[in-house]
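Following: one structure in structure tokens, then a few remarks.
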Amino acid sequence: MIKNSSGYSVEAEVPVISLVIPIYNEREVLPVCLPRLDKVMREVGFFFEAIFVDDGSKDDGYEYLVEQSRRYSWIRLVRLSRNFGKEAALTAGLDYAAGEAVVILDADLQDPPECIPKMVEAWRAGVDVVLMQRRTRCGESWVKRASSYLFYRLLNRLSDCEILADVGDFRLMSRRCLQAVLELPERNRYMKGLFSWVGMPTEVIQYDRGARVAGKTKWNYAGLIGLAMEGITSFSIAPLRWAAVMGVFSAIFGGGFGLWIIFKAMVFGAQVAGYPSLIALITCLGGVQLITFGILGEYVGKTYLEAKRRPIYLVREVLSAVRGGEAASARGGCNARDH
């Protein structure tokens, strides 16, 4: 029995490649996903494991995977105590990965597992990170494609580290890179930014992203906006500087407007239109203040959450391997991921 740094037990031999796949209500796509993964990874030829992290699903996807683990011995399961979000689920999968290389992908097969052999080939050539850059994005609305395009370019303008445009979580990392990521202590985690911050020798491979093969996406625009805010505020303080600049310009505008009113009254004898000008100034300055407080509150809230030092996730149970046709599970108390 071999254990990694998280206490995750692996039978017989340490896998060369670990696939990390967060799932949330993905029961419909699993019957298509598992055979494709099995076929691709057998062609790769290395001993591997696929760690499915159940992020508090409401369907029977976890039970289905437990059943299928008797057929596919490479299935490993980590079941979280509730829904913690994809970033936390992804962190859990990385914590439990035992391979020398880790590939992150989604169960919906929009990121085709058929790209994995190219990724492994690049890793064996000596790079630590293989990034998969989307060349086309099938099955997505033009609004989502346009907003994604703008977000990545805005984030790169603001961030201190380069986050490559049109690159999602689909990537391969070496054990050296993975260990560096796991040492980062943030609880508010924007994983794409953390991966980029670590650096390491990198190769970029372009691919065509497909549509979901089954089921419906769990993302909505509110969730995507929240993730965008998380990315920007986690890797840049530029919004705070923008708020300060807005305050300066508002003060200059207000002072200039006041001087103009005094000048008109003294030179031309113009009657001061008190009510309209007052309402305009109050509305303008009130809007600037609310924007500034909102930006400041976002950073203060992140600091507050970090200071509480709650675990990133809690584990309900772990299915580590199949022994003699029976799934070996660890149950009982919750395991927490903390630094």
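The values are calculated or read from the model by the stated rules, or taken from the named source; none is laboratory data. Just so we're clear, the structure is a prediction, and the values are computed from it rather than from any experiment. Every residue, glycine among them, receives a Cβ derived from its backbone with ideal geometry; neighbour counts consider all protein chains shown. Calculation scope for accessible area: heavy atoms of the full protein, side chains included, ligands and nucleic acids excluded. Shrake-Rupley method; radii C 1.70, N 1.55, O 1.52, S 1.80 Å.
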- Can you tell me how much longer the chain between Met246 and Lys39 gets when fully stretched, taken as 0.36 nm per residue apart minus their C-alpha distance, in nm with one decimal? 68.9 nm
- Return the subset of Lys39/Lys86; Lys58/Lys192; Lys118/Lys192 for which the Cα-Cα distance in this structure is over 24 Å, preserving the input order. Lys39/Lys86; Lys58/Lys192
- Message: Could you sort Cys33, Cys284 by their accessible area in this structure, using a 1.4 Å probe and putting the largest first?
- Response: Cys284, Cys33
- Largest to smallest accessible area among Met41, Met266 [probe 1.4 Å]: Met266, Met41
- Compute the length gained on full extension between Lys118 and Asn188: take 0.36 nm times their separation in residues and subtract their Cα-Cα distance, giving the result in nm to one decimal. 22.0 nm
- Task: Using only the alpha carbon atoms of the range 159-207, find the Kirkwood hydrodynamic radius as the inverse mean reciprocal pair distance, in angstroms to one decimal.
- Result: 11.7
- Message: Once R0 is set to 41 Å, what does the formula 1/(1 + (r/R0)^6) return for the Cβ-Cβ distance between Tyr64 and Leu285, expressed as a FRET efficiency to the nearest 0.05?
- Response: 0.10
- Message: Between Leu259 and Leu296, what is the label-point separation in nm under the 7 Å Cα-to-beta-carbon projection?
- Response: 2.6
